[in-house]
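Notes follow once the structure below has been shown.
Throughout, read-outs are computed from the coordinates displayed, never taken from laboratory work. All figures in this text were calculated on a predicted structure; none of them were measured in a lab. All Cβ positions, even for glycine, are placed from backbone atoms using ideal geometry, and neighbour counts span all protein chains on display.
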């Protein structure tokens with residue numbers, strides 16, 4: 001094992017540079033209050049509204065390592081807690097990301113937890129109450145969470161997304177996210193894409209139009225992430241309508257009625 005890793009198992013997870021994040025409400029203050037008591041936290045909000053960037057920013061702000069897991073339907077409990085491995089020297093245990101964070105004191109961020117299997121998510125329960133422990137049955141060990149450990153999860157409370165069980169949801173404090181107001185979002189888009197404020201504002205204006213189409217074949221309108229991608233294309237020389245069609249209109253929906261409504265909104269915007 002590399003000596004630096006042995007001395008600092010979380011060296012690869014330290015956030016050295018400040019991730020850009022522009023707050024739109026009191027979410028920074030709320031996160032800091034939750035972290036002061038190491039309370040588990042859930043971030044709720046639409047896709048691409050900045051939840052992951054916010055966690056990265058807070059890890060940097062609090063000077064804590066951040067271990068992120070992108071949850072999916074094939075994620076197993078072993079993927080989170082760890083497993084026995086066989087190599088040339090025999091068998092050895094390898095901590096999973098959740099165990100690594102709990103053992104050594106990182107923030108563990110489980111992105112879109114509801115995408116994981118129900119029998120996988122239950123492994124986090126002992127870490128989210130006063131026990132703050134993680135049983136490792138395959139290793140016959142109980143890991144008591146480090147004093148700096150915090151568990152953060154996120155999910156998108158959309159009708160098309162699996163609902164989080166009450167037995168899990170009620171273990172967390174929650175911060176609700178929404179898309180920023182137009183001026184704040186335009187500033188974010190301009191900064192992230194390196195685009196002038198005027199064209200960034202035009203892209204955000206179109207994004208706002210798409211969000212008003214919610215329910216017409218669309219679960220959600222354009223995310224801030226999609227607006228940034230459109231702005232990046234504009235910064236590379238594409239005209240605004242072409243960039244918005246490529247990055248927003250065509251990816252948002254294959255439903256003919258919804259696509260027609262999006263195209264009409266694009267024509268009206270530009």
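Under the criterion of Cα pairs below 8 Å and six or more residues apart, the relative contact order for the chain equals 19 percent. The angle between the Cα long axis of helix 256-269 and the longest principal axis of the Cα atoms of the chain comes to about 60 degrees, rounded to the nearest 10.
Need one word for segment 2-79: rounded, prolate or oblate. Basis is the Cα gyration tensor (sqrt eigenvalues a ≥ b ≥ c); a/c below 1.5 gives rounded, then a/b vs b/c decides. Oblate, since a/c reaches 1.5 and b/c is not below a/b. Packing here is the average count of other Cβ atoms within 10 Å per residue, and on that basis the peptides 230-236, 15-21, highest first, run 230-236, 15-21. Helical content of the chain, expressed as a calculated mean residue ellipticity at 222 nm, amounts to -11000 deg cm²/dmol (DSSP H runs of 4 or more residues, -39,500 (n - 2.57) each, divided by residue number, nearest 500). In segment 54-163, Cα pairs under 8 Å separated by at least six residues give a relative contact order of 28 percent. Could you tell me whether segment 182-269 comes out rounded, prolate or oblate from its Cα gyration tensor? Rule is a ≥ b ≥ c as square roots of the eigenvalues, rounded for a/c under 1.5, then prolate if a/b exceeds b/c, otherwise oblate. Since a/c reaches 1.5 and a/b is larger than b/c, the shape of segment 182-269 is classed as prolate. Sorting 165, 51 from the fewest to the most surrounding beta carbons within 10 angstrom yields 165, 51. Once the Cα atoms are used to define both axes, helix 51-62 deviates from the longest principal axis of the chain by about 50 degrees.
Computed packing ranks the peptides 117-130, 96-109 as 96-109, 117-130, most packed first, by mean other Cβ atoms within 10 Å. Which angle from 0 to 90°, rounded to the nearest 10, does the C-alpha axis of helix 27-36 make with the longest principal axis of the chain? Computed tilt is about 0 degrees. Annotation: the antiparallel percentage among DSSP beta bridges lying fully within segment 95-206 is about 50. Once the C-beta distance of residue 212 and residue 92 is scaled by a Förster radius of 51 Å, the resulting FRET efficiency is 0.40 to the nearest 0.05.
The Rg/Rh ratio of segment 70-152, with both radii computed over alpha carbons and Rh defined as the Kirkwood radius, is 0.97.
Using R0 = 51 Å, the C-beta based FRET efficiency linking residue 144 and residue 225 works out to 0.85. Pair-distance distribution P(r) for the chain, from all Cα-Cα distances in 5 Å bins starting at 0: 1, 6, 12, 14, 15, 14, 12, 10, 8, 5, 3, 1, 0, 0 percent. Looking at the chain, the DSSP beta bridges with both ends there are about 35 percent antiparallel.
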